[in-house]
Amino acid sequence: MTLSRRRILALIGGGTILAAGASVASIVTRRPRTADLPWIIAGLDPEPRRRALSFALLAPNPHNRQPWLVDLREPDVVTLYADPERRLPHTDPFGRQITIGLGCFLETMRIAASHGGYRVEIAAFPDGEAATGLDARPVARAVFVADTAVAPDPLFSRIPHRRSNKDPFDTTRPVPQDVLADLQAAVRTARFAGSVVKADIADWRVRTREALRIEIETPHTYKESVDLFRIGHAEVDANPDGIDFSGPLFEMLAATGLMTRQSVMDPSSQAFKAGLDAVYANADTAMGHIWLVTDGNNRKDQIAVGADWVRVN
């Protein structure tokens, strides 16, 4: 079961694009029912911009906040804004991660549009950008241009299958070295590097676990994450954003009252320990690591590296 969910994409000026969005024995086997709908209905809208957007909202983004807000009132144009209600003031105080996520959104939209015969001309931060954080100005203005010569991006077929894995990896399956070259070929602007060497894997596992520990043991950053926990299938369906804790173990903990937002804030509780184990299991079993480096760190750099990241992903 994917840990990434999507909600309804709100449109400025009205309208929406649909998105994500017993006995104990039966409870623990339940899955979210409506949160998978975006993957089922993506591409059904005949209007070119809406069709591309139905794929774009499947893009990865920090804490699955889905921080996108779009304006379609100008013909053939998508104007993208950062939704002020979906920022992360504690874990992402400068809006860097949110901006990278919006870059992922724009690139996924562009890829999808190429398969509808449209070229998308994207101008990032056309009205300028704030020195820190994100303000009310548009993040991007994207013009859709019908173009029979546009080359359909081959990554389009992978959009419905992309996932941000939060489960443990299979440590019996080494990652072949040539995979890194394949991933690097997808990058357009950033500097790509990575390693699947055993010693490097061990080192990066330690670094990743330590980064997670710091965030979890810092009360205000951890609470921001806990507030976005979706515990059990019912919460995932009700709010298909945030951090998914569904599946047999968490359905059982939720059904018996052992896992609540209050209990996971208590380091001595079983719920806290189970959540921590689940987070660490992903980092501790990684079989390779990659990274993208930009020469600068302004908003346009962040949009560009978001585009690269979703292509690699």
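The values are calculated or read from the model by the stated rules, or taken from the named source; none is laboratory data. Predicted model, so just to flag it, every value in this text is computed and none were measured. Reconstructed Cβ throughout: ideal geometry from the backbone, glycine too, with neighbour counts over all protein chains shown.
Just one of (1) surrounded by 13 or more Cβ atoms within 10 Å (Cβ to Cβ); (2) of a type in the set (A, V, I, L, M, F, W, C); (3) touching an Asp or Glu at 6+ places or on another chain (Cβ under 9 Å) fails for Ile159. It is (3).
Go through segment 16-125 and tell me which strands (runs of 3 or more DSSP E), entirely inside it, have 3 or more residues that are crowded, with 18+ Cβ neighbours inside 10 Å, under 17 Å from the mean Cα position of the chain (by Cα) and modelled with pLDDT of 95 or more. Give the steps one after another, and end with the answer.
On the way: elements: 68-71, 77-82, 118-124.
So the answer is 77-82.
Considering only residues in segment 242-272 that are modelled with pLDDT under 90 and among the acidic types (Asp, Glu), the one that is farthest from Leu37 (Cα to Cα) turns out to be Glu251. One residue alone among Ala199, Ala238, Ala190, Ala234 is over 15 Å from Gly275 (Cβ atoms), crowded, with 19+ Cβ neighbours inside 10 Å and not hydroxyl-bearing (Ser, Thr, Tyr), and that residue is Ala190.
Per the conditions (1) modelled with pLDDT under 95; (2) surrounded by 13 or more Cβ atoms within 10 Å (Cβ to Cβ), the sole criterion not satisfied by Asp147 is (1). Look at (1) touching a Phe, Trp or Tyr at 6+ places or on another chain (Cβ under 7 Å); (2) buried (at least 17 other Cβ atoms within 10 Å of the Cβ); (3) among the β-branched types (Val, Ile, Thr) and you find that Thr285 fails only one, number (2).
Table: residues versus (1) of a type in the set (Phe, Trp, Tyr); (2) part of a helix (DSSP H, G or I).
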| position | (1), (2) |
| --- | --- |
| Arg158 | no, yes |
| Asp182 | no, yes |
| Phe192 | yes, no |
| Trp204 | yes, yes |
| Leu249 | no, yes |
| Pro267 | no, no |
| Ala271 | no, yes |
